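What follows draws every value from the coordinates through simple rules; no lab data is involved. What you are looking at is a predicted structure, and each value in this text was computed from that prediction instead of being measured. FYI the Cβ positions are ideal-geometry reconstructions off the backbone, even for glycines, and counts take in every protein chain you see.
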Amino acid sequence: MKYDFLDPQALARLGAIPLEARHAMSGNVTGRHRSPHRGSSVEFAEYRKYVQGDDTRRLDWKAYARSDRYYIKEFEADTNLRAYFVLDASGSMGFSAEDDARIQFARKLAATLAYLIVDQGDAAGLSICQEKIHLEIPPTRRAAHLNHIFEVLSQTEPTGETGLVEALHTIAEKVGQRALVIIMSDLFCDTNALADALQHLRYRKHDIAVFHLLDQQEIDFDFERPHRFVDMEDKTSVVAEPALIAEDYRKAMQDFMQAVQTKCHDVHADYHLITTNQDYEEIIHDFLTTRLPKKGQK
Amino acid sequence: MSFLQQSLLWGLFAASIPIIIHLLNRRRHRTVKWAAMEFLLKATRESRGKKKLKYLLILTCRALAIAALIFAIARPLVGGFLGWGGTQIDTVILILDRSASMEQQASYGSGGNRESKRQSAIASVRQSLENLNNPRLVLIDSATGNSQDVPSPDALEELSATSATDTRASIPTLISNAIDYVLEKSPGRTEIWVASDLQESDWAPDQGRWEAIRTGLIDLPQKTTLRVLSLAAPAKNNTSIRVTSSRRSGDELVLDIQLTRTDDETPEAIPITYSLNGTRSSNKITLNGQSYQFQKRLPLGKRDGVGHGFVSIPSDTNPRDNVCFFAYGEDSPTTTYLVSEGGESADWLNLASAPPGFGRSRCVDIKPNSAHKIEWSKTALIIWQASLPKGPVAQELIRYIEAGGAAIMLPPRSESETTFLGLNWGQQTISPRDQYFIVDEWDQSDGPLRNGAEGTLIPVPKLKAIKRRQIVGEATTLASWDDAQPFLVRRVIGDGTVIFASTLPDYTWSNLGDADVLLPVVQRMIAVGDTRFGSAFAAISGSTEAQTAEGELRNRLDSHAESNTSNAAYEAGVWKLGDRLLATNRPPSEDQWQIITKTRLNALLEGTPYKLFEDQGQSDPLAQEIWRAFLIAMLVFLITEAILCLSPKAGTSPS
């Protein structure tokens, strides 16, 4: 395959599991996802009283015969899903200790999920956020559109400081219809600002999924000798004695992860903490299966 | 603190290894690109404080452990005596003060035994030398002034040259001897150790020779440290007794006795034992103040033409000053030959050598050309006021002096170029109008101008001269004019003494004719010359008079104590030396307990490499090896480092 972040066998294996939205979606065509509006599907929704101006063709005459009142019979509307992949392409996403760079891992996740979404007839779009650049590919259902997404993913290189928060606010403002926003980032930014951005998305009734990508070494901080640590975003450096600071560092990292998780749960986001040494296929499998409706639930 | 292997102290630089490794590690860091910089910076900020302190402590412990190991290997010594510095010593020259005052029992030795300052010093020096790997030991004792090699420090206590004496010590002379020894023998890295009680009379701080000693010490080819082991603990509960004079008066012996004690708080009745020719009697004297003088008359039988005895008090903290010996006999007349040019000075000299009322003194006045008539063998003193002798007369005079005679040379009125014993008379100088030559410095502890037994000064400053003649040649200056020209010089030849005075007892020269200076000088010189005839019955222990002359045998007559044969010349007692009867006693200065102050000592040895160690009276070694302590310290540092390095137990967080 042309792109090294796509594995056809994995795609084939994962293709059997549909991606479900956890909330009602607002699509522009009929699809497999629940819509907030009443539509013309076979699924009965409710009766409501006839009001002037309603289409008389939707009157339930049988109900009129039983009760001598005019009722309109309403059905659920099924619509398609529009997914926005928000990929953080700041310098920190280029971090790699032993495994794939974080950006590569994010590419694999985003590309695979985008393929699965388009394959099931939904629309997938991409938003690349960096400090100064905010590239957006609007979601469409066309298979040819995938190529465009893959091309952008392959050409995206991590650089500069993160522009994730601003990007999320922009999406929240621009995307009027309910959509699935899938965020792939290390979330190394101000957690309060991030929480505000997530809240903004939630306010717009978007379904949020967060893939929090970290490297195992970032969590363990198992260095022995003194190191000069160079910031991948602003290039500042500091020489540190790991033995001296490891304990404090780990505590700070744990606090950060805990804070991010809490903020995500506050906005009912589908939060996934992922280390880059994990198998991405397994991660996607878990992601998809946990979103499947429970028995007896539509 | 000092070290036996001082060169190993260079290894202390190894203590910096942990720090260097730390710094190198910091310099040789790897560079990694890091994303979670925010948390790293936060952790770095928070790690300043306790953790940094802990890390510094670990580093310090490592450095100290290495330093302690190096110190232990360098074999450190403590004790203060050796101070900081190298102890790679080849030779130790020990100057041991054996004066009577060193027998003061200043402390208690091990097992509660009383131990004198001398014994304490010897024990301390012996142990210290053992700790210093037994360098070569050269002993210069104060009694003989001779240097001798001591094969082993253990032998110190056994040597007769370290035993107790009743002598005084001349510390400046002994230090000069040590300097001469170093210059002569070049014994390698040398230290001069002086063990003394710092008695002021022994150190003679007023002597002009200290300047020469300082220069001598500084100018030694190799740096030679002078270490003074001070045993200056003040004397306590000590009383001394002294017979200041003994004379016959009819059929009685009159003794002037002086009691002195260190404490004067309470009146004390002191029993005094008198022994005269073996017959003992005693009485008690109540001592109220610090000192008490009284007279004791002991009856002599008519047959007692010659006799001896002693007075003693019970033993106290210094057994050496509890007895004083005396002897008496028929006085023989003393003869002085005055060889003069005549005139007023001859009259004064005649009067000073045979004062009226001194029946046993006689002066024979002769001219220089009659000098061959002098009865050399019967003369106590020769006063020569003329051109210096030459030819056979000069030879006779030299022989006379070498045999123990005394001579006073006074300047001739006319110029003379004759040289005698390397000395001759120089130019005659006259003081400026209305000004005088005045003596402003003289030896108060030695020579004919020395202080009296009670410390009274000879009124030398009263001497005013308007005319004098320069003394040319090498001799010991005993007194000098205010322009540093010598007034009185001395040469010691064989057993005798000759002094040169630069002015005359003549009113056209000076007021030397006044009895203030002339009389004591002449009489003391007569006493010096008279001793060889046995007409003097008292002498100072260790003095020339107390030594046996050729052909004389020493025999102790008193029954007060046994004496050590090899040490007898330096012990007090009554002796039969050939035909002579002699009572020897410690010098009066040994009963003066003034101690030279530390400030004064510093001033005396200023500029020299000198160290003072004050012994507290314990006979502990002056230096002890303490490498074990450093090894223990190293272990402690390593254990501390290990404890600090151990990570704290991971806390079990609640699930």
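List the residues, sorted by chain then number, that are 5 or more residues from residue B:238 or on another chain and whose placed amide H is less than 5 Å from its amide H.
B:262, B:263
Kindly give Rg over Rh for chain A, based on alpha-carbon atoms, with the Kirkwood expression for the hydrodynamic radius.
Across chain A, the Cα-based Rg/Rh ratio is 1.08.
Using alpha carbons only, how many degrees (0 to 90, rounded to 10) separate the axis of helix B:392-402 from the longest principal axis of chain B?
Relative to chain B, helix B:392-402 is tipped by roughly 50 degrees.
Out of all DSSP beta bridges with both ends in chain B, state the antiparallel percent to the nearest 5.
60
Relative contact order of segment B:339-442: what whole-number percent is it, with Cα pairs under 8 angstrom and at least 6 residues apart?
23
Which of the chymotrypsin sites (Phe, Trp or Tyr not before Pro) found in segment B:397-490 are in a DSSP loop and have at most 14 neighbouring Cβ atoms, other than their own, within 10 Å?
Answer by residue number: B:436.
So if I restrict to the alpha-carbon atoms in segment B:334-533, what is the Rg, and what is Dmax, the biggest pairwise distance, in Å?
Here Rg and the maximum Cα pair distance are 15.5, 47 Å.
Loop-only trypsin sites (Lys or Arg not before Pro) in segment B:231-311, please: DSSP not H, G, I, E or B, and at most 16 other Cβ atoms within 10 Å.
Answer in residue order: B:236, B:302, B:303.
If you plug each phi of segment A:150-155 into the Karplus form 6.51 cos²θ - 1.76 cosθ + 1.60 with θ = phi - 60°, what whole-Hz ³J(HN,Hα) values come out, in order, with x for Gly and Pro?
4, 5, 5, 4, 5, 8
How many percent of all Cα-Cα pairs in segment A:146-298 sit more than 24 Å apart?
45
So which GluC sites (Glu not before Pro) in segment B:288-395 are both in a DSSP loop and have at most 10 other Cβ atoms within 10 Å of their Cβ?
Those that pass, being in a loop and sparsely packed, are B:330, B:375.
What Kirkwood Rh does the protein assembly as shown have if only Cα atoms enter the pairwise 1/r average? Answer in Å.
The answer is 39.0 Å.
Of the listed peptides B:64-77, B:263-276, what is their order by residue-averaged count of other C-beta atoms within 10 Å, with the highest listed first?
Taking the mean over residues of other Cβ atoms within 10 Å, the ranking is B:64-77, B:263-276.
Nearest 5 percent is fine: what portion of the DSSP beta bridges confined to the protein assembly as shown is antiparallel?
Around 55 percent of the beta bridges assigned by DSSP in the protein assembly as shown are antiparallel ones.
Provide, as a two-decimal number, the C-alpha radius of gyration of chain B over 2.2 N^0.38 Å, N being how many residues it has.
In units of the 2.2 N^0.38 Å rule of thumb, it is 1.30.
Find the relative contact order for chain B and round it to a whole percent, using C-alpha pairs within less than 8 Å whose residues are 6+ positions apart.
18
For segment B:411-422, what does the Karplus curve 6.51 cos²θ - 1.76 cosθ + 1.60, with θ = phi - 60°, yield as ³J(HN,Hα) per residue in whole Hz, taken in order and with x for Gly and Pro?
x, x, 6, 9, 5, 8, 10, 5, 10, 10, 6, x
Quick one: what Rg and Dmax do you get for segment B:473-592 from the alpha carbons, in Å?
Spelled out, the Cα radius of gyration and Dmax of segment B:473-592 are 18.0, 57 Å.
When DSSP assigns beta bridges and you keep just the ones with both residues in chain A, what percent turn out antiparallel, to the nearest 5?
Here the antiparallel bridges make up roughly 45 percent for chain A.
Could you work out the pair-distance distribution P(r) of segment B:166-301 from its alpha-carbon pairs, with 5 angstrom bin width and percents rounded to whole numbers?
Answer for segment B:166-301: a P(r) of 2, 8, 13, 14, 11, 10, 9, 8, 9, 7, 6, 3, 1, 0 percent.
Can you compute 3J(HN,Hα) from phi for each residue in segment B:217-228, using the Karplus curve 6.51 cos²θ - 1.76 cosθ + 1.60 with θ = phi - 60°, rounded to whole Hz and x for Gly and Pro?
Taking θ as phi minus 60°, the curve returns 5, 5, 7, 4, x, 10, 4, 10, 7, 9, 10, 9 Hz for segment B:217-228.
Please report the relative contact order for chain A, taking Cα pairs under 8 Å with a sequence separation of at least 6, and give it as a percent rounded to a whole number.
The value is 19 percent.
Between segment A:142-192 and segment B:570-588, how many Å separate their Cα centres?
What the calculation gives is 121 Å, centre to centre.
Between segment A:260-282 and segment B:90-169, what is the C-alpha centre distance in whole Å?
Spelled out, the Cα-based centre of one part sits 90 Å from the other.
According to the Cα gyration tensor, what semi-axes, each the square root of 5 times an eigenvalue, does the equivalent ellipsoid of segment A:221-293 have, listed from largest to smallest in whole Å?
Largest first, segment A:221-293 gives 32, 16, 12 Å.
Pop out the Kirkwood hydrodynamic radius of segment B:136-213 from its pairwise C-alpha distances, inverse of mean 1/r, in Å to one decimal.
About 13.6 Å, per the Kirkwood formula over Cα pairs.
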